[in-house]
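One structure is given here, and the rest of the page talks about it.
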Amino acid sequence: MLSIEEYLQAGETVVSNLIIENYRKIGLSDEEFLFWLQLYRSQSKGDLFPDLLSISGIMDKPKERIYQLLNELVSKGYIRIDTKQNEQGQMMDTYDLLPAFQKIAAVQQKQKSFTEQQTEEQIINKLYRDFEKEFSRPLSPIELEMIGQWLETDGYKPELIHLALREAVLNQAYSLKYIDRILLAWERKNIQTKEQVIEDQKKRKQALQQKEIEAETSTNEPLPKVTLHNWLNPEDSRD
């Protein structure tokens, strides 16, 4: 039975879940990954350039196969062999295992970009559907082209176009030309986000309310006092 002392003396190798979960995605076979792990284990113990014969014994593989695995990982870019200066000033070879993590980062970035692209396509498709829903009819080819121009040529974000559509619907203006004027007006004001649209709407509402107050004030002002003059009898003139 394994004793506690033996367990503690053997030490532990902590491996990131990133490499465990993604080694197949970056193209490593099970055998290549196990060999990479043996190099990682040795480096965790301070041996930066472990003896491949020792790894051959651990993996129960012929030394020729171990050397072949090393060459494959180097040629595929999963491992680099670097020469560094140690603390004693001596030059020594080391296995750099970082490229494997760099490949994982590249795979994750590619997956993120693909997901973002899919999400963007879904948002754009929903935008077209919302137009047809609000207009209660399919969009014409010219209308489809105009919306595409807003997105691709003018660079308007789908969210901004959707807000312009909502404002047009509230004003019962079911016209892309009307929506285009809204977008141009926002562009002149450098409005690019939902928050900026809301702030602009607040300002316009406040301006309209101010005009209404001023109009009511001018309507309720007392009429100027006019002297009633009796031209026939000036003495009867009244203020």
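The values are calculated or read from the model by the stated rules, or taken from the named source; none is laboratory data. Predicted model, so just to flag it, every value in this text is computed and none were measured. Cβ sites come from the backbone with ideal geometry, for glycine too, and all protein chains shown count toward neighbours. Remember, those area values only see protein heavy atoms, side chains included, never the ligands or the DNA or RNA. Shrake-Rupley method; radii C 1.70, N 1.55, O 1.52, S 1.80 Å.
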Would you mind getting the accessible area per residue of the chain, heavy atoms of the protein chains only, 1.4 Å probe, in Å²? 73 Å²
Just by accessible area at a 1.4 angstrom probe, what is the order of Leu28, Leu8 from largest to smallest? Leu8, Leu28
Filter the GluC sites (Glu not before Pro) in region 67-150 down to the DSSP loop ones having no more than 10 other Cβ atoms within 10 Å, then list what survives. Glu87
Translational D (Stokes-Einstein, µm²/s) of the chain at 4 °C and 1.567 mPa s when Rh comes from the Kirkwood sum over C-alpha pairs? 49 µm²/s
Which entries of Lys63/Lys110; Lys157/Lys202; Lys177/Lys202; Lys61/Lys110; Lys126/Lys194 show an alpha-carbon separation above 26 angstrom in the structure shown? Lys63/Lys110; Lys61/Lys110
Top positive-direction residue, dipole computed over the chain with Cβ charges, set Ile213, Ile104, Gln38: Ile213
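How high is the FRET efficiency between Leu52 and Phe101 when r is their beta carbon distance and R₀ equals 22 Å, given to the nearest 0.05? The partial results should precede the final answer.
Values: r = 22 Å, r/R0 = 1.00.
Using R0 = 22 Å, I get an efficiency of 0.50.
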In percent, what relative contact order does the chain have, based on Cα pairs under 8 Å that are 6 or more apart in sequence? 10 percent
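Run the numbers for Tyr178 and Thr83: contour at 0.36 nm per residue of separation, minus the present Cα-Cα distance, in nm. Let's see the in-between values first.
Values: separation 95, 0.36 × 95 = 34.20 nm, distance 6.77 nm.
Taking 0.36 nm per residue and subtracting the Cα distance, the gain is 27.4 nm.
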Surrounding charge for Ala207, neighbours by C-beta under 14 angstrom, Lys/Arg +1, Asp/Glu -1, total +2
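For the chain, give the percent of accessible area contributed by carbon and sulfur heavy atoms, probe 1.4 Å, rounded to a whole number. Kindly include the intermediate steps, with their values, before the conclusion.
On the way: 9020 of 17500 Å².
So the carbon and sulfur contribution to the accessible surface is 52 percent.
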I'd like the trypsin sites (Lys or Arg not before Pro) in region 32-121 restricted to DSSP loop residues with at most 13 other Cβ atoms within 10 Å, sorted by number. Lys45
Placing +1 at every Lys and Arg Cβ and -1 at every Asp and Glu Cβ, with all other atoms neutral, what dipole size does region 37-136 have around its Cα centre, in debye to the nearest 20? 220 debye
Please sort through the DSSP H helices of the chain and keep those with an alpha-carbon extent of at least 27 Å along the long axis and a Kyte-Doolittle average not below -1.0. 98-135
